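Input: a single structure, listed below in structure tokens.
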Amino acid sequence: MFGWEFPPHNSGGLGVACEGIARALVRAGHDLHFVLPRSYELSEKNISFMYADTKREHLKVTPIVSTLYSPYATSSSYREAVEKGYIEPGPYGNSLLAEVMRYGQQAEAIAKEVDPDVIHAHDWLSFPAAMAAQRATGAPFVAHVHATEYDRTGGNGLNQQVYDIERAGVQAADKVLAVSNFTRQTLITHYGLDPAKSGVAHNGIDSEEKKGMAPVLQDIKNRGGKIVLFLGRITIQKGPDYLMQAARQLLDVRDDTYFVIAGSGDMHDQMVEQAAALGMADRVFFPGFVRGAKIDQLYQSADLFVMPSVSEPFGITPLEALMNKTPVLISKQSGVSEVLNHALTVDFWDTEKMANQMNAVLEHPALYSELSRNGNQEVHTISWDDTATAIDAAYGSVL
């Protein structure tokens, strides 16, 4: 299995999904070798990690510039890299693409060390490596698509190089798994995926009860304030600008609400400026990228979690919110809406309805309790083991 990141060394949901899938496949009895571009301190029972930066005969290993390594650059690190000339402006820098291709060049030797039965790779970052391993060993290749360039850009301003890698991977794969029917249809429509070799493996979540509220938000709660949470990359794909518009409409009818926009991304500065321009700078907090226990503290501090994505292949964060008993409002343009029945849904562009639904949850304790209770019960039925079952079936179809 070729991946790009693995918790706790991850910068987004892709790493979380890789961890959940890897653990579930091992529980299902698979002998898994997980390959990463560079060495980390990782300890997972029964998973053999391999690293592309490990010296091998006839291979020259070049250090990677850590600032450019993340597929989800923060606004500050991305701007700094552009100013220093490391990358060109755009969704991704040339140096990241260079790292992806360098990773691919080392995959042949890695694959020959293992002699795999199946090659499994996650997203464009790992597809060149998987295709190289496929050519070297003749083993079948399962491409796992968690997000596409079409999703990330809303179909406008595609990075052609990234799109070409995605398309090549989808075409070369013996089987293509999408994280939702929503994403599968995107691949068929915009990437020429043959429907006959496609399948769906919805993401899951680990079931564990967590407790704890974010101390910094405790004062707001003590004063009877309401908290609406957004957690994710602050990019055009995630729709934070639409949430800002809805927030302004909500504050016009109730002034006890505060908004937490947690995460990082190229629209961070724009959202700070938008909050100020809309006259609600004192009602919107930007804690930056959050990880670990602080994520669960934010969920449990919130009265409502909102995911207003413009185009969301799946979206694990609503599952995390429900695991913390926080009601969710999600866009209809998301894969997770296919597996959740106890969630409010809205078109991302309908900011008036978004504001009305937020107000309904904050105004009516009975609705809050129903969404919290039923959503929490439902999310406990969604597991990575189910994802592994779907993946196992995909393996069987190509062997």
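The values are calculated or read from the model by the stated rules, or taken from the named source; none is laboratory data. Given the structure is predicted, the values throughout are model-derived calculations rather than measurements. With ideal geometry, Cβ positions are generated from the backbone for all residues, glycine too; neighbour counts draw on all protein chains shown.
For the reader, a short list of remarks on this structure follows.
- Scanning segment 134-183 for residues that are basic (K, R) and modelled with pLDDT of 95 or more yields R135, R167, K175.
- Enumeration of residues in segment 254-293 that are buried (at least 16 other Cβ atoms within 10 Å of the Cβ), in contact with a strand residue (DSSP E or B) (Cβ under 9 Å, 6 or more places away or on another chain) and charged (D, E, K, R): R283
- If the condition is being more than 20 Å from K226 (Cβ to Cβ) and among the aromatic types (F, W, Y), then segment 331-375 contributes F348, W349.
- Candidates L319, L304, L329, filtered to the one that is closer than 30 Å to G155 by Cβ, at pLDDT 95 or above and touching a Gly at 6+ places or on another chain (Cβ under 9 Å): L319
- Residue in segment 323-347 that is farthest from P308 (Cα to Cα), counting only those that are buried (at least 23 other Cβ atoms within 10 Å of the Cβ) and hydroxyl-bearing (S, T, Y): T326
- Test: residue in segment 188-205 that is on the phi < 0 side of the Ramachandran plot, at pLDDT below 95 and either in contact with a Leu (Cβ under 9 Å, 6 or more places away or on another chain) or acidic (D, E) (or both): yes
- So I227, is it within 24 Å of M323 (Cα to Cα) and not in a helix (DSSP H, G or I): yes
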